[in-house]
Structure formats: C-alpha cells, structure tokens
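Below: the structure, in structure tokens.
The values are calculated or read from the model by the stated rules, or taken from the named source; none is laboratory data. It should be emphasised that the depicted structure is a prediction, and the values quoted were computed from it without experimental measurement. Methodologically, a virtual Cβ is constructed for each residue, glycine included, from the backbone with ideal geometry; neighbour enumeration extends over all protein chains shown. Ligands, DNA and RNA are stripped out before the accessible areas are found, and what is left, the full protein with its side chains, is counted by its heavy atoms. Shrake-Rupley method; radii C 1.70, N 1.55, O 1.52, S 1.80 Å.
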Amino acid sequence: MALTDLKTVLDMAEQTKTAIPAFNIDSIPATEGLMEAAEAAECPVILAIGQAAIKEGRMAYLADLARRVAESSRVPVVLHLDHSSSYEQIVRAIGLGFSSVMYDGSHGAFEDNLRESKNVVRTAHAAGVSVECELGAILGVEDGMKHERPNLVDLNEVRAFIAEVDCDALAVGIGNAHGIYKSTPNLDFDRLQACRDMGAPHLVLHGGSGIPEDMLRRAITIGIRKINVATELRLAYLEGLRSAITSDDFYAVLRAARESVRATAADKIRIFQGR
Ligand code: G3H
Ligand code: ZN
C-alpha cells in the first residue's frame, strides 16, 4: 500500500487509546526486523529518518527503502522526518515523498518556533503531508542534538501555540530525554494531563528508550499517541551483531542483528498497543 500520513495513524490510535511506534531506521536489516514485528502485531508503524542518518547521506536511500517497504506491507506505514530544524530540509523531504515531517524549533525562542512552525504547516499541508512540532526541548544527546536546559514544557506556551499552529502532532517535554537515562525517568504526568486537557493535537513522547513499561502505559492512558524509539533499536542491532560475530556466515550475522531488532520492536509494540 502507499505511504500513510501521520495524522491518519494517530487518529486510529486515538480511537483505540493506544500509541503508534516511531522507530528510527538506519539500515535494511534493522528495518526488516521492525517491520516483521509491526506486521506480526498488525500495528501501523512510523519509520523515522533522523539527523544522524541524514548526516551520513542516507536520506534519499532510506526514503526509497521505506516506500518500498510500504508497498509490500500489510500495515500502514508512515515515512517521517525526525527532528528537523531546517525549512529547506523539510521541503526536500516533501519532495522525496515523506508523508510526515517534524519541525523541531524547541531549542530557540518561542516566538521563532511558533512562526516557523506555522510556515512548515502551511507548506506541508499544501502537499498533503502531516506535521509534528515540539515544545520543551527534549533533554539528552541524540543524532548530534544535545539539550541540557530544563525541558518541562511551559503550559502557557502550549496554550498559545495550539491556538495558532494547526499541527497534527505535538511533542512535549515532560522530563523525557534522548538516549539511555542515567537514572529512572521522572516524567511529569500532571503536566502531560494538562496538555491533554487543553485540547492539544495528538501528543508525542520522545526518548522512548529506557522508559519503564508502567510509565509508558500511564503516558498512553493520559493521551500519548506516538512514541519515538531509536537508541534501544540501535543497541539491539549491535547486540545481535556481537552475538553472531564469530560466525563466518556474513548473512547469519546480519540475520542475528535483524532478529534482535525485531524482538525489541515487538516488545515496544506490545506495550504501546496495550497488550
Ligand atoms: O527522535 C527520536 C527519539 O526521540 C528517540 O529517542 O533514542 O531515547 O529512544 P531514544
Ligand atoms: Zn526525539
């Protein structure tokens, strides 16, 4: 089937009070593994291409891979640009056939984020592409993005932002962080509930790796409809490679990496889908 846009799959998640996984893709074996998990669970999947993959020059390659995966997939597939702060990069992604883009202006001034987000929404929606925005920069380091300032989203900013920006999804900082957490995450669920209560668009939780299952389930119950996971998938891939690295069968090593990613993705989907 053709690629699906983000709003469509998050609307489905809202109906079932579940969350859709946004898995960053970096390679063919890993993509095959997470697609196997999504199809086995009959769960829509968001294939996210992040800034590290783009810096490696893989934006067009991975977009072609995702499109081909969608054509043969039994579940809806979204091709999503992750954490872009460049209008030009977003326009390029739209030209490459992305069905969803994230404009991340959370590291700059609120007014700049609001203005640029409106620009991106106008352009992307004109092309039938969904838009995710962000308020409250996600802590941690990921794909070369490093944020150390407190990331608890300002509720007054949320109220002002959603009054003016018609985005399809909104990532909010509630104590979540990219990468592996140094201690148990301390998520501000009351703040998340307040975002939900003020009628925010579909809410997104970044930094999904390392968040305990009970916290993920509580966030989904409150209203998180998209959860991003990258680090745990990449670590699973490396673990799979290491487990088979002594084999002299090259493809057996890649299959071990694929299987390790599949198992990790299947576990995330189990939780996100409320099973
Ligand atoms: O945008 C990507 C995600 O927020 C991934 O976060 O690597 O902590 O799972 P994670
Ligand atoms: Zn993120």
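Per-structure values
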| read-out | value |
| --- | --- |
| Near pairs, Cβ below 8 angstrom, 6+ apart or cross-chain, from segment 232-250 (modelled with pLDDT of 95 or more) to any residue that is charged (D, E, K, R) | E232/K268; R234/D26; Y237/D26; G240/R258; G240/E259; A244/R255 |
| Neighbours by Cβ (under 9 Å, 6+ apart or cross-chain): first from segment 182-195, over 18 Å from I162 (Cβ atoms) and modelled with pLDDT of 95 or more; second outside any loop (DSSP other than H, G, I, E, B) and among the basic types (K, R) | L187/R218; F189/R218 |
| Answer from E71, E39 - the residue that is away from ligand 2 (no atom under 16 Å from the Cβ), over 19 Å from R258 (Cα atoms) and charged (D, E, K, R) | E71 |
| Segment 77-130, residues that are crowded, with 24+ Cβ neighbours inside 10 Å, of a type in the set (F, W, Y) and either part of a loop (DSSP other than H, G, I, E, B) or more than 16 Å from ligand 1 (Cβ to nearest atom) (or both) | F98 |
| I20 vs. criteria more than 22 Å from T231 (Cα to Cα), open to solvent by less than 10 Å² (accessible area, probe 1.4 Å) and within 16 Å of ligand 1 (Cβ to nearest atom) | no |
| Residue match in segment 200-213 (condition: at pLDDT 95 or above, more than 16 Å from ligand 1 (Cβ to nearest atom), among the charged types (D, E, K, R) and open to solvent by 50 Å² or more (accessible area, probe 1.4 Å)) | no |
| Filtered residues of segment 1-51 (kept if touching a strand residue (DSSP E or B) at 6+ places or on another chain (Cβ under 9 Å), of a type in the set (G, A, S) and in a helix (DSSP H, G or I)) | A13, A30, A37, A38 |
